[in-house]
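This report concerns only the one structure given below.
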């Protein structure tokens, strides 16, 4: 089954609003959680990542929230802008090796 | 600065024919290297990773193989392509830290098997 799931295939947000992207995972051994951004016909690039020893990490307009007991993590983008429009991929993996499992992606559209 | 190059950019191949995709990393010594695959409309899946020359770990079985003949080179291949091999192949690298670290992706190779 899908070990990392993004239940919303798409999300539309008004410019200036908060975009909230969600990701659920199944494997208790996952210790590393990341969000990647992908434009059409481009490769994914890392936005932000966290380890399981923290439940929140901020970087500018981006905040990752981790809920280990609920096996859930999310990405919040404040003051969303049209240039934030892209596909957002969550990814998770065990901390001790290099296996990384991606979600299906959520298409974020920020409309003016 | 590190650069990652994949070749070819795109390829159209016949079912049953062989395939070889390449990936090179410049400006970074002893990287971890990865192969990923994404079918059209599908999820990005990690296929292989390598932490050193001559060592490759298989993550997903897709009748493909990978090799790391040099520190900066990662090759994905098969002797007989299947229709299901069509998709987008991405190579990535990360620092060798003994665990998870940021993965940097290459530009990718688009493969169509007919």
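Tell me, please, whether a residue that is within 9 Å of chain A (Cβ to nearest Cβ) and touching a residue at least 24 places away in the same chain (Cβ under 8 Å) can be found in region B:74-93. Yes. So, in region B:98-112, of the ones that are more than 7 Å from chain A (Cβ to nearest Cβ) and surrounded by fewer than 21 Cβ atoms within 10 Å (Cβ to Cβ), which residue ends up nearest to residue A:42 (Cα to Cα)? It comes out as B:110.
Residues in region A:19-45 that are under 14 Å from the mean Cα position of the chain (by Cα) and away from chain B (no Cβ under 13 Å): A:19, A:20, A:21, A:22, A:24, A:25. Residue-level analysis places residue B:51 among those that are surrounded by 14 or more Cβ atoms within 10 Å (Cβ to Cβ), in a strand (DSSP E or B) and modelled with pLDDT under 95. Among the residues of region B:38-48, just one is in a strand (DSSP E or B) and either modelled with pLDDT under 95 or over 16 Å from residue A:98 (Cα atoms) (or both), namely B:38. Looking only at residues of region A:46-55 that are over 13 Å from the mean Cα position of the chain (by Cα) and more than 10 Å from chain B (Cβ to nearest Cβ), we find that the one that is nearest to residue A:78 (Cα to Cα) is A:55.
Against the numbered list (1) under 23 Å from residue A:36 (Cα atoms); (2) crowded, with 16+ Cβ neighbours inside 10 Å, residue B:75 comes up short only at (1).
How about region A:85-100: which of its residues are more than 7 Å from chain B (Cβ to nearest Cβ), buried (at least 19 other Cβ atoms within 10 Å of the Cβ) and in contact (Cβ under 8 Å) with a residue 60 or more places away in the chain? The answer is A:88, A:90, A:91, A:92.
The values are calculated or read from the model by the stated rules, or taken from the named source; none is laboratory data. Values in this document were obtained by computation on a predicted structure and should not be read as measured data. Neighbour counts are summed over all protein chains in view; Cβ atoms, including those assigned to glycine, are modelled from backbone coordinates with ideal geometry.
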